[in-house]
Amino acid sequence: MFMYVCMYVCMYICICVCMYVCLFRRAPLKISVFTEWNPCLNITITITIKGCNWEGELNDINKHLGGCQFEEVACSNKCGMMMQRQHLTSHVEYECPCRNVNCQYCSEFGEYQFIEGHHKEQCVKFPLPCPNKCDVETVPRDGMEAHRKECPLEMIDCEYHDMGCDTKIARKDQQMHDIKTVREHLMLTKVKLTETKDNLASTKDELASTKDGLASTKDELASTKDRLASLEETMQQWIDNSSRGYSDELMAAVRWFIHLSSMAAMTTSGNQVCPVIIKMPGVGKCKQEEIGWYSDPFYTHNEGYKMCLCVYAGGTGKVKGTCLSLYLYLMKGPHDDKLSWPLRGKF
């Protein structure tokens, strides 16, 4: 009776092991024979897992399954593939698309699937065939432009293209083309030289005209200078004859305007540039109304700071009624981005 009980218990344990191995380890298990029995359940069994014929005690089954070379395991690079443990090392080192490798051309480091895919489309050292199919089998991508400048099969313009020859030939055929078309090239060169001669004559005439224009401008500037000198002399006489009864500050302001008026006026693109002549129409009315008079905008220099002059003929603030008040206002100009800020200088 005791023997039958032991047999049933052993069969129950073996069935449990079979369910564990088959359901959780995804491996078929075969019970071959019971070679011995003792109270510690040291049962000898045989397991078949896709080629594994392990035989050992039941107590050692978990230890075996944890390192069985025939067990299905996931790739350690997380590529998603399953394989037997005995093939894992080879897969990770030589087959896995997620393994890290160096580009064989430029040594860039990255995943195999990136290096073999997107990287090869950009790798500067990737070998490319010559598009002209010359004797050079492959050329690095970053050297292709230089190669095409020397490739004997590259189609180029004839070296007399600037003379008018529109023939396109392979670089290696240039010399033969020159030999066959000597007469045509000479005729084209003759026509080109004639055109160049005519252009030079036209340019010479334009330079002569410009020279005459500069001489005329020089004469006009000299005449303007004489007129301004005469104006300054006239105004100075007026000051000398009319200075009685006026304050020194007012006369100094008048002299400043005379000095400003005596300077040459410069005009660039319609904009006045310092020094300028400033006329003051309506300043008397502004004085009566005790408001400021504003000049038209002007520039400190060519593409310089934009300003305008403000004049209070009767003075402002503490000097109101005793002095002439002058202000320079800085305005927003078209060249501000090119200028230095803050504005510095003496005025």
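The values are calculated or read from the model by the stated rules, or taken from the named source; none is laboratory data. Small disclaimer: the values here were computed from a predicted structure and weren't measured. Because the Cβ atoms are built from the backbone with ideal geometry, glycine has one as well, and the counts that use them run over all protein chains shown. These accessible areas exclude ligands, DNA and RNA; they are computed on the full protein's heavy atoms, side chains included. Shrake-Rupley method; radii C 1.70, N 1.55, O 1.52, S 1.80 Å.
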Query raised in the report: Each residue of the range 157-170 in order: what ³J(HN,Hα) in whole Hz does its phi give by Karplus 6.51 cos²θ - 1.76 cosθ + 1.60, θ = phi - 60°, with x for Gly and Pro?
Result: 6, 4, 5, 9, 4, 5, 7, x, 7, 9, 6, 10, 9, 5
Query raised in the report: In what sequence, largest accessible area first, do Lys149, Lys133 appear using a 1.4 Å probe?
Result: Lys133, Lys149
**Report entry** For the range 129-197 versus the range 60-84, the gap between their alpha-carbon centres in whole angstrom
**Finding:** 66 Å
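Per the 1.4 Å probe, what fraction of the accessible area of the range 46-197, in percent, lies on carbon and sulfur atoms?
On the way: 5400 of 10360 Å².
For the range 46-197, the apolar C and S fraction of the accessible surface comes to 52 percent.
Which GluC sites (Glu not before Pro) from the range 139-186 combine a DSSP loop assignment with at most 15 other Cβ atoms within 10 Å?
Answer by residue number: Glu150, Glu159.
Only four residue types carry charge here, +1 at the Cβ of Lys and Arg and -1 at the Cβ of Asp and Glu. Report the dipole size of the range 150-215 about the Cα centre in Debye, rounded to the nearest 20. Numbers along the way, then the final one.
Values: 10 positive and 14 negative charges, 48 e Å.
In debye, rounded to 20, the range 150-215 gives about 240.
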Requested in this report: Can you spot the lysines whose alpha carbon is less than 27 Å from Lys346's alpha carbon? Ignore those fewer than 8 places along the same chain.
Outcome: Lys225, Lys279, Lys306, Lys318, Lys320, Lys332, Lys338
Query raised in the report: Name the trypsin sites (Lys or Arg not before Pro) in the range 285-347 that are in a loop by DSSP and that have at most 16 other C-beta atoms within 10 Å, would you?
Result: Lys320, Lys332, Arg344, Lys346
